[in-house]
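**Student:** One structure, as structure tokens, below. Some questions next.
The values are calculated or read from the model by the stated rules, or taken from the named source; none is laboratory data. Predicted, not measured: the structure shown is a model, and the values here were computed from it. Heads up, the Cβs are rebuilt from the backbone with ideal geometry, glycines too, and the neighbour counts pull from every protein chain shown. Just so you know, the surface numbers come from the protein's heavy atoms only, side chains and all, with ligands and any DNA or RNA stripped out. Shrake-Rupley method; radii C 1.70, N 1.55, O 1.52, S 1.80 Å.
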Amino acid sequence: KTVEKIDGGGSGKASKRKRDVSNESQESAHLLHSIVQGFSIPAFVIGVNHKILYWNRALERLTNIPMSEVVDTNQHWRAFYASERPCMADLLVDGAENRIPKWYAGKYRKSDLLEEAYEATDFFPDLGEKGRWLRFTAALIRQANGNIVGAIETLEDITERMTAELTRHESEQQIFSIIEGSPIPT
């Protein structure tokens with residue numbers, strides 16, 4: 001009986017520690033979920049297996065793809081592309097930064113603000129009715145011990161700004177053409 005008592009007491013403490021760690025883990029997961037869902041900026045988080053862990057409400061609104069349809073899948077690409085291809089977050093998780101130029105040539109740069117992060121601007125013709133211009137940032141997520149656990153990608157719809165810039169540029173070109181084609185010296 002004495003052995004059982006000692007053993008039972010030790011197992012009880014171990015079980016309590018396991019429950020405490022489990023509760024802390026659940027609380028951390030809930031906190032992260034609340035933070036990502038609270039972003040007004042569209043965002044998604046993938047794990048090292050490329051499966052979507054979080055897909056926030058702002059991204060649901062931007063893409064018209066409900067979170068329930070994509071969480072636990074590796075189909076984040078379908079919000080932006082007509083066929084399967086890696087998103088920037090995928091390349092970071094794979095440690096394949098050297099492949100970023102292949103997919104985002106002339107559209108990306110290393111982040112000045114975040115380590116292990118890249119930013120890009122691109123037009124996505126399959127997003128929305130007429131396509132959308134997005135500025136997006138992908139960054140690695142690491143545990144305290146340095147192990148990669150995933151990546152987050154945030155997106156900003158800059159369609160109105162880009163449309164205005166393109167319209168201004170076209171107007172400037174038209175004026176330039178008129179002036180250059182005029183027989184009257186200007």
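**Student:** Heavy atoms only, probe 1.4 Å: what % of the accessible area of the range 111-165 goes to carbon and sulfur, would you let me know? Walk me through the intermediate numbers first.
**Tutor:** Values: 1530 of 3180 Å².
The computed percentage sits at 48.
**Student:** Counting Lys and Arg as +1 and Asp and Glu as -1, what is the net charge of the other residues whose Cβ lies under 15 Å from the Cβ of Ile141?
**Tutor:** Values: positive: Lys51, Arg142; negative: Asp90, Asp94, Glu115, Glu116, Glu153.
After counting each charged neighbour, the total is -3.
**Student:** Tell me the relative contact order for the range 48-148 as a rounded percent, counting alpha carbon contacts under 8 Å between residues six or more apart. Don't skip to the end; give the middle numbers.
**Tutor:** Details: 127 pairs, mean separation 21.6, N = 101.
RCO, the range 48-148: 21 percent.
**Student:** A further question on this structure: With a 1.4 Å probe and every protein chain left in place, tell me how much accessible area Trp55 has, in Å² to the nearest 10.
**Tutor:** Accessible surface of Trp55 is approximately 0 Å².
**Student:** Treating only the Cβ of Lys, Arg, Asp and Glu as charged (+1, +1, -1, -1), what charge dipole size does the range 51-141 show about its Cα centre? Round to the nearest 20 debye.
**Tutor:** Working: 13 positive and 14 negative charges, 59 e Å.
It comes to approximately 280 debye.
**Student:** Near Gly95, within a Cβ-to-Cβ distance under 13 Å, what is the net charge of the other residues, with Lys and Arg +1 and Asp and Glu -1?
**Tutor:** After counting each charged neighbour, the total is -2.
**Student:** Suppose every K and R has +1 on its Cβ and every D and E has -1 on its Cβ; what is the size of the dipole of the range 32-89 about the Cα centre, in Debye to the nearest 20? Please report the intermediate quantities before stating the final value.
**Tutor:** Values: 5 positive and 4 negative charges, 20 e Å.
Roughly 100 debye for the range 32-89.
**Student:** When Lys and Arg each count +1 and Asp and Glu each count -1, what net charge do the other residues less than 15 Å away from Arg85, Cβ to Cβ, add up to?
**Tutor:** Working: positive: Arg78, Arg99, Lys102, Lys107; negative: Glu84, Asp90, Asp94, Asp122, Asp126, Glu153.
My count for the surroundings of Arg85 gives -2.
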